[in-house]
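Remarks on the structure that follows.
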Amino acid sequence: MMGVFDSFKELVTQKPVGLKKPDFYKADSDAKKQLERLQQIHATAPDRVKPQIERDMKLLAYGIAGEESVAFELNNSYLPIIVLHNLRLEHEGLTAQIDYLIITTKFCLVVECKNLFGNLEVNSRGEFIRELDFNGKRKKEGIYSPVTQNVRHMEMIKALRLGKKRNPLMRMALEKSFGDFHKSVIVLANPKTVINLKRAPKNVKDQIIRSDQLIDYIKRLLRENKDLASSEKEMYEMADFFVGLHKENTVDYAEKYLLSDSGEVRD
């Protein structure tokens, strides 16, 4: 437990006393559990269902690899931060799957991790277009905007936090300071992805970085933020708030692939 001297030291230095490096306070991953379950199902599933299961396994494995590259960068940052991985929030029938929520001394950072294959372009309207190579032919397709995903995540976090504030003055203060204390960024985890942002709107361009730029990005935001730093106690209170809201994603794969208990396809 923090003593009086440690509390005073925090106040003077503006740095947490106990935190010397990232604390992965919530490190588990629903995606890894889902992949393990798929591997079990795949072993006994009928041949006609296996291609669909293999596609889902590949997508999950790709996403996990991207998130692990972000974890590597965070682990080697030596920043006094708290990391919540794979946070699933629910509010009024809606869900938000947050890859990483990073709690720093000055702000909370929502990280949307994208391990995309193919090249990526963002046009002047902020639309994300992926270019893929299929058997020597180039194919372009639109993908759901990760910027929009992050907006939805931020809106849900705001609603959940406001829901805990009963005092009108505290609600008003949170409304006013929310944008300063909560940030979001999109991290491209695949180093081979070529991204064209020449025509992208500035507000979109500013939100997209590569995984090896994440630590410098956090440090820059910390330098630019002139607000009073949170104490270590306040940081862990924030972490406990979000961990307490986490809802595990329980996908019923037997139902998804219409499998019976024996692994056979149901009629």
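List of remarks:
- Between the stretch 122-183 and the stretch 20-97, the Cα center-to-center distance that results, in Å: 20 Å
- The stretch 103-182: Lys pairs at Cα distance under 24 angstrom, eight or more positions apart or on different chains: 11
- Pairs over the 21 Å Cα-Cα cut-off, from the set Lys20/Lys233; Lys50/Lys256; Lys33/Lys58: not a single one.
- Relative contact order of the chain: 25 percent, from C-alpha pairs under 8 Å at least 6 residues apart in sequence.
- Annotation: amide H of Ser184 within the under-5 Å range of Val110, sequence separation 5 or more or interchain, hydrogens built in the peptide plane.
- Placing dummy labels 7 Å off each Cα toward the beta-carbon, the span from Ala43 to Phe72 is 2.9 nm.
- Overall, the chain carries a charge dipole of about 1040 debye about its Cα centre when +1 sits on the Cβ of Lys and Arg and -1 on the Cβ of Asp and Glu, all other atoms neutral.
- Taking max minus min of the alpha-carbon positions on each principal axis, the chain gives extents of 65, 47, 38 Å, largest first.
- A simple spin-label model places the labels of Ala173 and Lys20 3.4 nm from each other, with each point 7 Å out along Cα-to-Cβ.
- Projecting the Cα atoms of Ser29, Phe72, Ser211 onto the charge dipole of the chain, computed from C-beta unit charges around the Cα centre, puts Ser211 farthest toward the positive end.
- Between Lys164 and Asp212, the contour length at 0.36 nm per residue exceeds the alpha carbon distance by 13.7 nm.
- Residue with peak Gaussian network fluctuation, the chain [Cα springs, cutoff 10 Å], from Ala71, Ala239, Ala173: Ala173
- Annotation: amide H-H contacts under 5 Å for His246 (H modelled 1.01 Å from N, sequence separation of 5 or more, or interchain): none.
- In terms of the mean number of neighbouring beta-carbon atoms within 10 Å, the peptides 117-125, 211-219 order highest first as 211-219, 117-125.
- Projecting the Cα atoms of Ala239, Ile195, Leu221 onto the charge dipole of the stretch 181-239, computed from C-beta unit charges around the Cα centre, puts Ile195 farthest toward the positive end.
- Calculated [222 nm] ellipticity per residue, helices only, for the chain: -13500 deg cm²/dmol; basis is -39500 (n - 2.57) per DSSP H run with n ≥ 4, divided by all residues, nearest 500.
- Extension gain for the segment Arg223 to Lys205, taken as residue separation times 0.36 nm less the Cα-Cα distance, is 4.4 nm to one decimal.
Read-outs throughout are calculated quantities, based only on the coordinates presented, and are distinct from any laboratory measurement. In this text the structure is predicted, and so the values were computed from the model without any measurement. Cβ atoms come from the backbone with ideal geometry, glycine included; neighbour counts cover every protein chain shown.
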